[in-house]
Amino acid sequence: MILMLVRARPQHRPQPHRGFTLIELMVVLALTGTLMMLAAPSFVQLLADNRSAMETQDFINDLQLARSEALRRGVPVTLHALSPSLTGTAKFGEVGWRIITDKNADGKGISPTNPTDGLVLRESSAVPPGTSIERMKILTPNVYYLSDLSDKNFVTFNEQGETESKKKVYFKVCISSSFANSGRLIEVTASGLISQNIDNARCRTT
């Protein structure tokens, strides 16, 4: 008779799942909070940059429309702020701007209007709060200041598509939520070509 010895396998009891300790949870929360604090400024700046790019392009589009209408109609066309700033600065975005025919190139339409003077071609509403669009002037290379010229609240293109002043015109777009102390600069050449300048203009003086 052959006896077979069978070795019983030891029984392993299932181990209970180990959860996080309070200290581990506190460490994870602390690290998550730190990462969020580090990422927040970058995210805010990204939103500000996107908004600045959008507002800049919208204003460039309207400048280009004003120039193209001057060429098409054969009369001067003006883009002007709907109302001068109460502070005396030329902030086009405070209440919006309008594109009109402007036969005598004085920056405003006559009443009653006619097809060659005062005819509204387009009207844009004010930009969102925290955004400003201002006419600038250049004193020295790469140094720009708010314009104090008589035409600071408008720009006129003649029937050849040139600026009526035969000089370069600059506009600055700033976003208050931006951490960078610089705004996007729009340049209109004397011949009427419109583009975003590679230079930046200061948005804050302090």
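The values are calculated or read from the model by the stated rules, or taken from the named source; none is laboratory data. Keep in mind that what you see is a predicted model, and the values were worked out from it rather than measured. As a convention, Cβ positions derive from the backbone with ideal geometry for all residues, glycine included, and neighbour counts pool all protein chains shown. Remember, those area values only see protein heavy atoms, side chains included, never the ligands or the DNA or RNA. Shrake-Rupley method; radii C 1.70, N 1.55, O 1.52, S 1.80 Å.
Every condition in (1) modelled with pLDDT under 85; (2) surrounded by 20 or more Cβ atoms within 10 Å (Cβ to Cβ) is met by residue 95 except one, and the failing one is (2).
Report whether or not residue 169 is closer than 21 Å to residue 196 by Cβ, of a type in the set (Val, Ile, Thr) and buried (at least 17 other Cβ atoms within 10 Å of the Cβ). So residue 169 fits the description; yes.
Looking at region 175-200, which of the residues that are over 13 Å from the mean Cα position of the chain (by Cα) and surrounded by 15 or more Cβ atoms within 10 Å (Cβ to Cβ) is modelled with the lowest pLDDT?
So the residue we want is 199.
Of the strands (runs of 3 or more DSSP E) lying entirely inside region 96-196, not one carries at least 2 residues that are among the polar types (S, T, N, Q) and under 15 Å from residue 75 (Cβ atoms).
Name the residues in region 48-92 that are hydroxyl-bearing (Ser, Thr, Tyr) and modelled with pLDDT of 85 or more, would you? Residues satisfying the conditions are 56, 68, 78.
Within region 141-166, can you find the residues that are open to solvent by 50 Å² or more (accessible area, probe 1.4 Å), of a type in the set (D, E, K, R), in contact with a strand residue (DSSP E or B) (Cβ under 8 Å, 6 or more places away or on another chain) and touching a residue at least 12 places away in the same chain (Cβ under 8 Å)? Result: 164, single match.
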